[in-house]
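Here's the structure, in structure tokens; my notes come after.
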Amino acid sequence: MKNFLFELKESLLIALYAIRANKVRSMLTTLGIIIGVTSVVLMSTAIKGIDNAFQEGVSSLGSDNLYIDKWAWFNNDIPWWEMRNRKNLDMDDYNKYEDLAKLPAAIAPTIWTNKKIKFKERNVEGIMISGTTYNYINTTNLTFESGRFFNDFESRGARNVSVIGYTVAKQLFPLGNGLGQEIKIGDVKFKVVGVLDEQGSWVMGNFNPDNQVFIPIDCVFKYFQGEKFRSITINVRAPNSTSVEAVKEEAIGIMRRVRGLSYSEDNDFSINQQDGLLSTINQTIGVIQIAGLFITGLALFVGAIGIMNIMFVSVKERTREIGVRKAIGAKNRTILTQFIMEAAVICLMGGMIGLGIAVTLSMIVNQYLPTAVQADSVILAVVISLLTGVLSGFAPAYTASKLDPVEALRYE
Amino acid sequence: MNIITIEHIAKIYQVGTEEVHALADVSMTIGKNEYVAIMGPSGSGKSTLMNILGCLDTPTKGIYDFNGVNVSEMNDNELAAIRNKEIGFVFQTFNLLPRSNALHNVELPLIYAGMPSSERKERAMEALINVGLENRVYHRPNELSGGQRQRVAIARALVTRPSIILADEPTGNLDTKTGQEIMILFNEIYEAGNTIILVTHEEYIAEHAERIIRLRDGFVEKNEKVENRFIPQKRELH
Ligand SMILES: Nc1ncnc2c1ncn2[C@@H]1O[C@H](COP(=O)(O)OP(=O)(O)OP(=O)(O)O)[C@@H](O)[C@H]1O
Ligand SMILES: [Mg+2]
């Protein structure tokens, strides 16, 4: 054991010596591994970042929430044409459900439409306009930069009031707060009574509250589309996560009654939960991960081949040196260790440089995309570069160790 | 007591369909603290013999007994250990590690012997002082003259205190004057009690030895004592 450590230490010193003596070649050798490790770390960082963003985005939906909808959001069991033939959910369904449901903490109907929004000369398009009731706020965890959500009175009276998301506010009122201003949704004037804090995550896209405008649901029906035009969604919040199942059971029972389904008929509605979204997202991330691993694996493989190639050249070039070392007593194993060590040290240095580049890059990228460099990326980089070094160094080192000393000394 | 005894050693190379007898049949003994020169025309098998004596190569036939141990039957690792501890090589082309300084070159056999760093630095230093290179310790081979390089090589050969020094044309790449300096050094080493075998083409170099063995076509042609061996005058090394 002591012998082995001594040999390891000495071969490390010899390796460092050799690397310093062949600076340019060592640098070139590291190039492959730098690229490999950079891409591995970046890829794992990016995947983690995307994953985090999704998880955050999804959990911003609230784990205690159910969504009663005509469509199953993530379900593949029910064919889409069957869902399309379902009767729309309308305000009647909502009102009956609201009357009968005992368990939920809050219930609100939502419907969406898409209109151009204007404030003076400023236009914003592609904004999701959500029509809902005052109770909507109680089905979410939304917080306000200023103002409030519209109240029961405004909601029932279909007053022209609106609550605008963070991004929408920034676009309409880049210089100041929009609270109290009048904006135009389509051709209708609405007063801004509340501006939301930044909430969500980019992964939610249009469903991110930051990109939405909320108005009383009756305004949607009054100004923009007929009540039967589009199916509504009923947002239901359970009092706590343990009661979600009970709320769901109750909702199924009530909705079957409300929709007049007989015993033998299937549900003509779906109860959606964020779980469904999570598993869909996890599948997607799984695919990204496999693709990422494949690509980076390829980069590393190319890097490893490069190192092996240069190590072979190095062994060839140093044939005489190997002969000398053997003549003065180096054993085959000593030569083997020395060259593997050299490859490993070169790769480790490359790995560290690659890690540095990856961290710098991901800090730059982080301004546009979420990324997360973590301790395990560092460990990953070290392990991968050492492993690559040992594996790609083995064949050249073995060749070196088996050289015949007389032949090697004669080599020109 | 003999350090080396070889009996009917042959080394045969297969070149295509032809057999080359680099050594056909060679027997000899080398005693402790002997100074032997090996001579012979080019291709007579001198280097082949030296490689076998130095355990770098194994004979095709014959017996090689080194300090009472049968070397002919040893494996690679055991041969490496013998080379490291018992044999000091000096080559015509010096064979120093080009990118390592003199100290590191001399230290190298001690690393392979497993000696701790501080002790081996001291030993290597001592060996360099012995060959008069205390001022060139941190020079690399390309910063040294040919004679100085050969002295580094001699220091490297001596540093493990081997049983025998093998030198294959150590003055072959040096001018006459520098060659003489190296021969002064070998004489000192010999007088200090070491055993030396030296290959040379030059009669006057061979006459530094006590005995000259002449090879021809892989056989020993002559093996005779030198009547009045040439003892060089000590001179300043530079
Ligand atoms: N690896 C080999 N393969 C084939 N033949 C070889 C090999 N090594 C040596 N020989 C042959 O063996 C013979 C002896 O070679 P060796 O190198 O021992 O001669 P030498 O006496 O040292 O010559 P010189 O004075 O030129 O150094 C030569 O004919 C040479 O061609
Ligand atoms: Mg020769």
Only one of A:THR296, A:THR280, A:THR242 is buried (at least 19 other Cβ atoms within 10 Å of the Cβ), part of a helix (DSSP H, G or I) and polar (S, T, N, Q), namely A:THR296
How about segment A:245-275: which of its residues are part of a helix (DSSP H, G or I) and under 15 Å from A:ASN88 (Cα atoms)?
A:MET255, A:ARG256, A:VAL258
Lone qualifier among A:THR360, A:THR399, A:THR388 - being closer than 30 Å to B:PHE94 by Cα and either of a type in the set (S, T, N, Q) or in contact (Cβ under 8 Å) with a residue 60 or more places away in the chain (or both)
A:THR399
Take B:LYS121 and decide whether it is of a type in the set (Lys, Arg), away from ligand 2 (no atom under 16 Å from the Cβ) and within 12 Å of another protein chain (Cβ to nearest Cβ).
no
Residues that are on the phi < 0 side of the Ramachandran plot and at pLDDT 85 or above: does segment A:271-284 have at least one?
yes
Taking the condition of being surrounded by fewer than 23 Cβ atoms within 10 Å (Cβ to Cβ), of a type in the set (Lys, Arg) and closer than 22 Å to A:ILE328 by Cβ, how many residues in segment B:154-205 meet it?
1
Checking B:ALA167, B:ALA206 in turn, the sole residue that is closer than 24 Å to B:ILE3 by Cβ, within 16 Å of ligand 1 (Cβ to nearest atom), within 14 Å of another protein chain (Cβ to nearest Cβ) and within 15 Å of the chain's Cα centre (by Cα) turns out to be B:ALA167
Give the residues of segment B:1-20 that are within 16 Å of ligand 2 (Cβ to nearest atom) and surrounded by fewer than 20 Cβ atoms within 10 Å (Cβ to Cβ), sorted by residue number.
B:TYR13, B:VAL20
Do we have any residue at all in segment B:44-56 that's more than 14 Å from chain A (Cβ to nearest Cβ) and within 16 Å of ligand 1 (Cβ to nearest atom)?
yes
Quick one: B:ARG149 ticks every box in (1) at pLDDT 95 or above; (2) closer than 30 Å to B:ASN67 by Cα; (3) touching a helix residue (DSSP H, G or I) at 6+ places or on another chain (Cβ under 7 Å) except a single one, so which number is it?
(2)
Do we have A:MET83 as part of a helix (DSSP H, G or I) and surrounded by fewer than 18 Cβ atoms within 10 Å (Cβ to Cβ) here?
yes
Test: residue in segment B:68-89 that is open to solvent by 20 Å² or more (accessible area, probe 1.4 Å), under 19 Å from the mean Cα position of the chain (by Cα), modelled with pLDDT under 95 and away from every other protein chain (no Cβ under 12 Å):
no
Which condition number does B:ILE63 fail, the rest of (1) within 16 Å of ligand 1 (Cβ to nearest atom); (2) surrounded by fewer than 16 Cβ atoms within 10 Å (Cβ to Cβ) being met?
(1)
Is it the case, given these coordinates, that B:GLU134 is open to solvent by 10 Å² or more (accessible area, probe 1.4 Å) and assigned to a helix (DSSP H, G or I)?
no
Mind listing whichever residues of segment A:18-43 are of a type in the set (S, T, N, Q) and more than 22 Å from the chain's Cα centre (by Cα)?
A:ASN22, A:SER26, A:THR29, A:THR30
Checking A:ALA381 against (1) open to solvent by 20 Å² or more (accessible area, probe 1.4 Å); (2) closer than 14 Å to A:THR38 by Cα, only one condition comes out false. Which one?
(1)
Under 6 Å between Cβ atoms, at least 6 apart or on separate chains: pull out the pairs that start in segment B:90-104 with a residue that is more than 8 Å from chain A (Cβ to nearest Cβ) and end on any residue that is charged (D, E, K, R) and open to solvent by 10 Å² or more (accessible area, probe 1.4 Å).
B:GLN92/B:ASP168; B:GLN92/B:GLU169; B:PHE94/B:ARG149; B:ASN101/B:ARG140; B:ALA102/B:ARG136
Every residue from segment B:115-131 that is assigned to a loop (DSSP other than H, G, I, E, B) and surrounded by fewer than 16 Cβ atoms within 10 Å (Cβ to Cβ):
B:PRO116
Mind checking whether some residue in segment B:110-118 is farther than 22 Å from B:ILE182 by Cβ and more than 10 Å from chain A (Cβ to nearest Cβ)?
yes
From the options A:MET27, A:MET43, residue that is open to solvent by 60 Å² or more (accessible area, probe 1.4 Å) and over 29 Å from A:GLU265 (Cβ atoms)
A:MET27
State whether the residues of segment A:228-247 include one that is closer than 30 Å to A:GLY49 by Cβ and touching a helix residue (DSSP H, G or I) at 6+ places or on another chain (Cβ under 9 Å).
yes
Residue hits (segment A:322-344; open to solvent by less than 10 Å² (accessible area, probe 1.4 Å), touching an Asp or Glu at 6+ places or on another chain (Cβ under 9 Å) and within 8 Å of another protein chain (Cβ to nearest Cβ)) are A:GLY323, A:LYS326
Looking only at segment A:116-158, count every residue that is open to solvent by less than 60 Å² (accessible area, probe 1.4 Å) and either on the phi < 0 side of the Ramachandran plot or of a type in the set (A, V, I, L, M) (or both) and tell me the total.
25
Here's a check for you: in segment B:24-47, which residue that is more than 16 Å from B:ILE87 (Cβ to Cβ), of a type in the set (Ser, Thr, Tyr) and open to solvent by 10 Å² or more (accessible area, probe 1.4 Å) is farthest from ligand 2 (Cβ to nearest atom)?
B:THR29
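The values are calculated or read from the model by the stated rules, or taken from the named source; none is laboratory data. What you are looking at is a predicted structure, and each value in this text was computed from that prediction instead of being measured. As a convention, Cβ positions derive from the backbone with ideal geometry for all residues, glycine included, and neighbour counts pool all protein chains shown. To get the accessible areas, we keep the full protein, side chains included, count just its heavy atoms, and leave off ligands, DNA and RNA. Shrake-Rupley method; radii C 1.70, N 1.55, O 1.52, S 1.80 Å.
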